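The values are calculated or read from the model by the stated rules, or taken from the named source; none is laboratory data. A quick note: this is a predicted structure, and the numbers were derived from the prediction, not measured. All Cβ positions, glycine included, derive from the backbone under ideal geometry; neighbour counts span all protein chains shown. Ligands, DNA and RNA are stripped out before the accessible areas are found, and what is left, the full protein with its side chains, is counted by its heavy atoms. Shrake-Rupley method; radii C 1.70, N 1.55, O 1.52, S 1.80 Å.
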Amino acid sequence: MLNGIGASDGIGVGRVMLIAEQSLDYTPREIADVDAELERFRSAVDKFCDNTMEQAEAIRQSTGEKEAEILLGHIAIIRDPFMGGEIENLIKAHQCAESAVDQICKMFIDMFSATGDDLTMQRAADVRDIRDGVISVLLGVQEVKISDAPEGTVLVVKELTPSMTAGINKENIVGIITETGSQTSHSAILARALEIPASLSVANATTQLSSEELVIVDGFKGNVLIAPDAKTIDEYTAKRDAYLREKRELENFRGKTTAGADGIEYELFCNIGTPKDATKAVEADGEGVGLFRTEFLFMDRDRLPTEDEQFDAYKQASLILKGKPLIIRTLDIGGDKEIPYLGLEKEENPFMGFRAIRYCLKNRDMFKSQIKAILRASAFGDIRIMFPLITAVEELRAGRALVEEAKADLKASGIAYDENIQVGVMTETAASGVIADLLAKEADFFSIGTNDLTGYTMAADRGNSDVGYLYSPLQPSVLRMIRRIIKCGREEGIPVGMCGEAAASPTMIPLLISFGLTEFSVSAPSVLKVRKNISKWTKAEADAVAEKVMAMTTEAEIKEYLESIV
Ligand code: PEP
Ligand code: MG
């Protein structure tokens, strides 16, 4: 078995088609007729762009607009005057076109690869694709015809380039295996868009696998099984069919309102980490965003994002959501989320330490600039503010006071914002659960963060496998916390949602319905599944389940019972 990264869900069973790398070897030459070589280069670029346009059109029809744009981006890059100018300068210095293209592209590839940033490194893959494309035209090398692949083909290739993807016929390609790429690489994006199971970053796949060999691609786990026996094939075929059946079934829930079997409606939001994820939330049929984890805007960089940069990000997310709610959580750093340039001191006990709202309230300028950015963005959509890790009413008051200060500053400068912006509390500490009655009087909404709430209630670190047996939202203590938070919120008439992972758990859903949760915020791929699971329950049936569960004394008993009924 070979191991890789599972980058596109599903199981593919088929025969290998090895896409060998074509030789793009050339002999560097000194050019005497510079004008003729410039002409040769320019017409090669024109031909490359024509080919790319054709491929983009094929992708647009087979896959979609967004995926076609990846290829159209290649035209923009090679037509960029700086890149083209640099290549032409080398030709003017008597280098042949192949070597000029190679050298300048290599410079960009090295520059992008060195960043270590996933997205920028993608640009390196783009430039590699462009270099190979233009040099192929210059050398007159024929493209491999993936479109001729027979039914039941598993493509095995060093790197799946967007231009290759153009030739993929979804009916015939049942799996993709590459030696490079990550969850966020173009190969992964394209494989997911084509709905073809893919395993990426499989070391030496092109030398370990041979053409016509029978393989199974497990796109969930990233494994590749070579020459499986009949029993294994049956097992995986059954898994594949069950997955496809479920997927088809879930599609019936797209575009529907989220409601229980008795018609009671709920809100079903998504959790996101970047403005671009808002697109995924919309595509996943989320009805809004229940948690925007803003720390990602602060990570992978070497200085704080400015107020304007944050404003752009929040505004962009809000515009993508087209008026749907967007709950922005203020910076939640510390604990397991480190930001090197902030120079946070190493703590003996980081999860109990100087983090999230505690850090923000002590770094008022930074906090105020985030709040101002959120307020400014609130002029463009339904934006709400949420404070993480609240443990005392004073923290909520101090946060709200800063919101008022920021509003006054903006008003004085004549900048628009939503005067009635809602300010909520992420109830994710044991303290916030215990004082939920007090917090509910001063917060506009609650969102239960079960990931941390479970840890803080059970005094069990979510990352420590030795105490993993304690870390469960089905522990009687955690369920009592959740029930209490929802009850306190409802008594004060404020909405209570849940943005921790438990909101998507099928065993948890009847309990949440019974307790009175009104909003579920889950990861984009879970949206339709959660909508389906909610649709199974009436409030009365959920109440009966909750009554039984809340009379039970151990997590094991609760889990066993719930698993037997969902
Ligand atoms: C939580 O604690 O439940 C939560 C959603 O926040 P995070 O996972 O970002 O800590
Ligand atoms: Mg949390």
| Between Ala556 and Lys539, what length in nm is gained on full extension when 0.36 nm per residue of separation is reduced by their alpha carbon distance? | 3.7 nm
| note | The distance between the Cα centres of segment 277-328 and segment 406-473, in whole Å, is 18 Å
| field | Directionally averaged shadow of segment 34-139, computed from the convex hull of its alpha-carbon atoms, nm² | value | 6.5 nm²
| message | Run through segment 467-566 and list the chymotrypsin sites (Phe, Trp or Tyr not before Pro) located in a DSSP loop whose Cβ has at most 13 other Cβ atoms within 10 Å. | response | Tyr469
| message | I'd like the carbon and sulfur percentage of the solvent accessible area for the chain, probe radius 1.4 Å, heavy atoms only, ligands and nucleic acids excluded. | response | 51 percent
| field | Where Rh is the Kirkwood radius over Cα pairs, Rg/Rh for segment 264-565 | value | 0.96
| message | Please give me, ordered by residue number, the trypsin sites (Lys or Arg not before Pro) of segment 335-386 that lie in loop per DSSP and have at most 10 other Cβ atoms within 10 Å. | response | Lys346
| request: Enumerate the aspartates and glutamates that Lys362 could reach by cross-link, defined here as Cα to Cα under 12 Å, with residues fewer than 8 away along the same chain left out. | output: Glu395
| Measuring from a point 7 Å past the Cα of Glu251 along Cα-to-C-beta, which residues in segment 169-201 have an amide N at less than 19 Å? | 169-175, 190-198
| task | Mind checking which aspartates and glutamates have their Cα closer than 14 Å to the Cα of Lys256? Skip sequence neighbours fewer than 8 apart in that chain. | result | Glu265, Glu267, Glu283, Asp285, Glu287
| request: Excluding residues on the same chain fewer than 8 positions from Lys92, give the aspartates and glutamates whose Cα lies under 20 Å from its Cα. | output: Glu30, Asp33, Asp35, Glu37, Glu39, Asp46, Asp80, Asp102
| request: Send over the per residue convex hull volume for the chain, Cα only, as a whole number of Å³. | output: 178 Å³
| said: Need one number: the % of Cα-Cα pairs in segment 431-566 sitting beyond the 21 Å mark. | reply: 40 percent
| So for segment 115-154, taking the charge dipole from beta-carbon charges (+1 Lys/Arg, -1 Asp/Glu), which of Met121, Thr153, Val134 sits furthest toward the positive end? | Val134
| Beta bridges by DSSP in the chain, antiparallel share as percent, to the nearest 5 | 30 percent
| About the Cα centre, charge dipole magnitude for the chain (Lys/Arg +1, Asp/Glu -1 at Cβ), debye | 1520 debye
